[in-house]
Amino acid sequence: MRDSATTESELWHSAENFVLHVMKITEFREGESIGLLLAATCDHAIQNMDWQFFIRLGRALDDPVSVKELFDDPISNFILAGWENIDHNIGLKDLSDEAITEYATIHLKPCEPFTLDQVRQIRYRMGFEKNLNPRFTKVEETANGVRIS
């Protein structure tokens with residue numbers, strides 16, 4: 001159940017982002033369910049004159065990714081799994097790109113350290129928007145775990 005503070009606009013924004021992510025994945029483009037969701041999302045965008053949605057949809061359709069490409073590397077899986085929620089209502093979406101890079105490097109230690117450029121490319125490929133005003137910009141490994149500030 002959503003907080004009462006969640007507005008209809010925020011819900012539609014989440015639905016639009018979901019549609020854009022799904023439409024980017026070639027294997028999910030077919031099917032009645034996604035067609036209905038896409039139609040409803042497009043109708044909402046038209047009613048609200050949200051032309052940016054159609055620009056983003058065009059980009060998603062122009063740059064298809066297969067499921068195998070999307071989920072083949074550990075950093076992509078990590079970003080996808082933690083985008084909305086990693087701990088106590090904090091998601092990777094709330095962190096700066098630099099903080100996401102550090103957080104991924106700490107949590108995926110057996111792998112090589114990740115670069116800021118890699119994180120940005122993966123975020124862009126997945127269709128996640130950059131947070132222009134991140135709540136958190138620093139991640140540190142402490143004796144008690146990870147500190148996000």
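Only the coordinates and a few stated rules stand behind these numbers; no lab work does. The structure displayed is predicted, hence computed values, not measured ones. Using ideal geometry, Cβ is built from the backbone for each residue, glycine included, and neighbour counts are taken over all protein chains shown.
For the pair residue 34 and residue 124, a Förster radius of 22 Å applied to the C-beta separation gives a FRET efficiency near 0.50, rounded to the nearest 0.05. Principal axis analysis of the Cα atoms in segment 73-148 yields extents of 34, 27, 18 Å, listed in decreasing size. Residue by residue, segment 74-83 carries 3J(HN,Hα) couplings of x, 5, 4, 4, 4, 5, 4, 5, x, 4 Hz when phi is fed to the Karplus relation 6.51 cos²θ - 1.76 cosθ + 1.60 (θ = phi - 60°); x denotes Gly or Pro.
The string of couplings for segment 112-117 from the Karplus curve (6.51, -1.76, 1.60, θ = phi - 60°) is 5, x, 8, 9, 4, 4 Hz, one whole number per residue in order, with x for Gly and Pro. Backbone amide hydrogens, once placed in the peptide plane, bring residue 86 within less than 5 Å of 91, 92, excluding anything fewer than 5 places away on its chain. Remark: segment 87-101, residue by residue, has Karplus-estimated 3J(HN,Hα) of 5, 6, 6, 10, x, 4, 4, 8, 9, 6, 4, 5, 5, 4, 4 Hz, where x stands for each Gly or Pro and the curve is 6.51 cos²θ - 1.76 cosθ + 1.60 at θ = phi - 60°.
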